[in-house]
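What follows is calculated from the coordinates using simple rules that are stated; it is not laboratory data. Since the model is a prediction, treat every value here as computed from it, not as a measurement. Virtual Cβ from ideal backbone geometry, glycine too; neighbours counted across all protein chains shown.
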Amino acid sequence: MIAHRSAFFLFALAFSLGDLHAAPLVILIDPGHGGNSVAGSLKERSNSSPNNATTPGGLKEKDLTLEFSLILREEILKEATKQGRTLGVMLTRETDVNLDFITRAKSCNRPDTSCVVSIHFNATDGAKASGSLAVIAAKDRNQDYEIDKTFALGLVTACSKGVRDYLPNSKDMGTIHDSHLHGGIGSNFFFQLQRQPHLKSKPKCFLEIEFIDNAAVEKALLEGDRAGKFRTIAASIAGYLVSATEEEARRKE
Ligand SMILES: [Zn+2]
């Protein structure tokens, strides 16, 4: 069960004098999927499916993305406080609802956005894969390709490091392009994000934490103290995100 929280948006309270010159940046976390029905439409390229991957034991990706994202927010704020930084974290959803991609993209479209990370869990034919990967918009339709690629590679490496505490053979699978989606036209979420004026030159990617249709992954990563395991992985990711956001804040000064 996820406790309901009314505040969508939390800032780390600690800040240092050095931060006073830079407006606090906000990390946007999008917990993939949600609810029980499709949101948006194919025609508008805004359709978000309620759930994709399911574990052999019946856990749903949409619930795990939300559980993980709520923990990730806490870990980012903890890491920011530790580093004496001011930054915000915002989630596109905090309950079991599905939002279409126009709504999700618009809530990411802030002048102070640092980056957008959409959290997912993966599944594949054969249900034997194990690894973390990021999806970015393919080069031919992505003006920010190099920015996205550099960011996503660092993000996956941080994620994979945390996952391997529980799954030593889990692979760092790096980044893939979104060309496998929708018959080659790519992700509709990226399509909507790219239309938002404040998100130009801001890194955006999907992070696929592990393949949850694999029974061995479910046992090692999702059974027992799942919140504790998610916290380890989230802390590793948070370390990367806070550092990446600091570099961006410096560039803006
Ligand atoms: Zn997904």
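When residues in the range 164-191 are screened for being over 30 Å from Thr103 (Cβ atoms) and outside any strand (DSSP E or B), 7 of them pass.
Do the conditions hold for Ala227, that is, is it under 17 Å from Ile27 (Cβ atoms), in a helix (DSSP H, G or I) and either among the hydroxyl-bearing types (Ser, Thr, Tyr) or touching a residue at least 60 places away in the same chain (Cβ under 8 Å) (or both)? Break it down stepwise before answering.
Details: under 17 Å from Ile27 (Cβ atoms): no; in a helix (DSSP H, G or I): yes; either among the hydroxyl-bearing types (Ser, Thr, Tyr) or touching a residue at least 60 places away in the same chain (Cβ under 8 Å) (or both): yes.
Taking the combined requirement at face value, the residue does not satisfy it.
Residue check: Lys82 meets all listed conditions (1) over 26 Å from Met173 (Cα atoms); (2) surrounded by fewer than 24 Cβ atoms within 10 Å (Cβ to Cβ); (3) more than 16 Å from the chain's Cα centre (by Cα); (4) in contact (Cβ under 8 Å) with a residue 24 or more places away in the chain but one, namely (4). So which residues in the range 116-151 are part of a helix (DSSP H, G or I) and under 18 Å from Arg104 (Cβ atoms)? Asp148, the sole residue that qualifies.
Flag set for Phe206, criterion: in a strand (DSSP E or B), crowded, with 20+ Cβ neighbours inside 10 Å, in contact (Cβ under 8 Å) with a residue 12 or more places away in the chain and not basic (Lys, Arg). Might you check whether a residue that is under 14 Å from the mean Cα position of the chain (by Cα) and of a type in the set (Phe, Trp, Tyr) occurs anywhere in the range 209-216? No, the range 209-216 has no match at all. Given the structure, is Asp96 surrounded by fewer than 22 Cβ atoms within 10 Å (Cβ to Cβ) and within 16 Å of the ligand (Cβ to nearest atom)? Yes, satisfied. Ser37 passes every criterion in (1) touching a strand residue (DSSP E or B) at 6+ places or on another chain (Cβ under 6 Å); (2) surrounded by fewer than 17 Cβ atoms within 10 Å (Cβ to Cβ) apart from (1). The set of residues in the range 35-85 being more than 16 Å from the ligand (Cβ to nearest atom) and of a type in the set (Val, Ile, Thr) consists of Ile71, Ile76, Thr81.
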